[in-house]
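The values are calculated or read from the model by the stated rules, or taken from the named source; none is laboratory data. Treat the numbers as computed from the prediction; the structure is a model and nothing was measured. Counting neighbours? That spans all protein chains shown, and the Cβs are built from the backbone with ideal geometry, glycine included.
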Amino acid sequence: MSNKFDEFAIAENFAEWCYNLEFKDIPNEVIDKIKLIFMDNLGLIFASRNEDYIKAIKKSFTDIGNCSVPGHSEKFCPSDAIILSGTAIHGEDFDDTFEGTPVHVGSVMSSSLLTAAEYYKLNPEEILKGFAVGSELMCRLALVSPMAIHKQGFHPTAILGAFGASIGISKILKNNISQMTSSLGIVGSMASGIIEYLAEGTWTKRLHPGWAGASGWKSAHLGKSNFKGPRTVFDGKNGIFNSFADRKIIPDFEKLTNDLGSCWHTNNLAIKPFACGTMTQPFIDCAIKARDKIKDLNEIKSIICKVGEGTVHRLWEPLSEKRNPTTPYSAKFSVPFCIAAGLFFGKAGLLEFTEKQIKDHDILNLCSKISYEIDPENEYPKNYSGDIKIILNNSQVIQETQPGLRGGRLFPLNRKEVEEKFLDNLKFGNLNSNEINNVKKFFETFFKDPDFSLLN
């Protein structure tokens, strides 16, 4: 299929659109979605501020700067501020995701633009333009070759997030098309993030969005300085899809430029109701629906889940680990544990994934009764659904389904639900009422005239 960009590399195609984008070109619904995502992300920065992995990151920093991070009294250099806030947003896997891929957009873009807004004293239109182009690039890159990056052993957010941050910061720096293209080419050599964290539930996945954001910051400034990067970073012989993705899955590069400006995939970002892996969430909803129909959870004989084949390696295997998670973080990527949490507590927030809960005998006993069977008709990755069959000791069968991700495009959370989640996360971060009011004011001012003094 030919178009006006035929003479350019694909990175140039996107850079040209990005360079020419004006604020009036961004639909109101996209702006509204960005603001909701930022609200959600801001609450998550506070929710995780006292966690051990956040303390470890801060301890590692050696540079001094003047950039703020919500929930912390210290000042940081820009790249460290982005690493800290990006890790905090994604740290509990409670942040937004681009359904069907999955890739976590907000943790990268919110951390990058939060720092840029303070460092460069950006106006609201600049913030929103940077967020919009970065978010859209991340979503579109994720659609080029769905699941191929995961299959190759890399975390899509880590790889694709670097490009989103790069183009977003390039936009606010007012880089020209050549400089934007080089920035994308440069960040291709900075992108990184393997998924070996799945083996033991360790912390590296948490770091990926912040690292991607910091890489994007650095690459955009290198591009601004006319450092040259490869134009063919996407579609070249040694571009990212031949390096970071399973080559058996053929990339569809038209997804990057088709309908740019008229179709905004940012609108399909999903805000999570539960503090765990995206694909586990429909099963939690099934468990919560079934909960009121079971008088005694000890009467459960077995639970069988119908699943998409592509989810097995992340959420079900090794089954021994998924039925008995070694860490709270590992539990977030275990369908058995997430179902058990839904049945025991009727929810799956931050308090349901703790050291105490993963050692609870009754929960683990229930986990041991949960298994899966592959459903060839499952729509994954196009749609995330849940299907469970609970068999009781008296042979009674309870079946529940959830046809799509709650918080996603089919069942979006409304503003009130997002606001409630935001306040809950502030409270989880141990903020007092005065501090909560200041954070609310900060959010209200951020897209008008950001007042960072409210964070002190």
Hey, could you check region 336-389 for residues that are in contact with a strand residue (DSSP E or B) (Cβ under 8 Å, 6 or more places away or on another chain) and of a type in the set (S, T, N, Q) and say which is nearest to Asn430 (Cα to Cα)? Ser385
How many residues are part of a loop (DSSP other than H, G, I, E, B) and out of contact with any Lys or Arg (no Cβ under 7 Å at 6 or more places or on another chain) when one looks only at region 213-248? 19
Could you give me the residue pairs with C-beta distances under 8 Å whose first residue belongs to region 416-430 and is free of Cβ contacts under 8 Å to residues at least 40 places away in the same chain, whose second residue is surrounded by 15 or more Cβ atoms within 10 Å (Cβ to Cβ) and not acidic (Asp, Glu) wherever it lies, and which are 6+ apart or on separate chains? Lys427/Ile436
Taking first residues from region 202-229 that are surrounded by fewer than 19 Cβ atoms within 10 Å (Cβ to Cβ) and second residues anywhere that are hydroxyl-bearing (Ser, Thr, Tyr), the pairs with Cβ under 6 Å that are 6 or more apart or on different chains are Trp203/Tyr53; Thr204/Tyr197; Lys228/Ser182
Positions within region 404-415 being surrounded by 14 or more Cβ atoms within 10 Å (Cβ to Cβ) and free of Cβ contacts under 8 Å to residues at least 40 places away in the same chain, in sequence order: Leu410, Phe411
Checking the conditions here, which among Ser385, Ser368, Ser453, Ser433 is in contact (Cβ under 8 Å) with a residue 60 or more places away in the chain and among the small types (Gly, Ala, Ser)? Ser385
Give the residue that is farthest from Arg409 (Cα to Cα), with candidates limited to residues of region 371-393 that are among the aromatic types (Phe, Trp, Tyr) and buried (at least 19 other Cβ atoms within 10 Å of the Cβ). Tyr372
Kindly provide the set of residues from region 399-456 that are part of a strand (DSSP E or B) and either more than 23 Å from Glu29 (Cβ to Cβ) or of a type in the set (A, V, I, L, M, F, W, C) (or both), ordered by number. Gln399, Glu400, Thr401, Gln402, Phe411
Go through (1) in a helix (DSSP H, G or I); (2) under 24 Å from Leu143 (Cα atoms); (3) among the small types (Gly, Ala, Ser) for Ser320 and report which single condition fails. (2)
If Pro282 passes every condition in (1) under 28 Å from Asn393 (Cβ atoms); (2) in contact with an Asp or Glu (Cβ under 6 Å, 6 or more places away or on another chain) but one, which one does it miss? (2)
Lys322 is checked against (1) outside the structural domain of Ala348 (by TED's automatic domain parsing); (2) within 22 Å of the chain's Cα centre (by Cα); (3) free of Cβ contacts under 8 Å to residues at least 60 places away in the same chain and fails just one. What number does that condition carry? (1)
Within region 167-212, track down each residue that is out of contact with any Phe, Trp or Tyr (no Cβ under 8 Å at 6 or more places or on another chain), of a type in the set (Gly, Ala, Ser) and under 16 Å from Lys129 (Cα atoms). Ser170
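When you look at Lys301, is it of a type outside the set (A, V, I, L, M, F, W, C), surrounded by fewer than 17 Cβ atoms within 10 Å (Cβ to Cβ) and outside any loop (DSSP other than H, G, I, E, B), yes or no?
Yes: the conditions hold for Lys301.
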Only one of Glu400, Glu435, Glu420 is among the charged types (D, E, K, R), at pLDDT 95 or above and crowded, with 18+ Cβ neighbours inside 10 Å, namely Glu400
Can you tell me which of Ile172, Ile177 is within 25 Å of Thr257 (Cβ to Cβ), over 23 Å from the mean Cα position of the chain (by Cα) and among the β-branched types (Val, Ile, Thr)? Ile177
For Asn267, which of the numbered conditions (1) within 23 Å of the chain's Cα centre (by Cα); (2) within 24 Å of Thr401 (Cβ to Cβ); (3) not in a loop (DSSP other than H, G, I, E, B) fails to hold? (2)
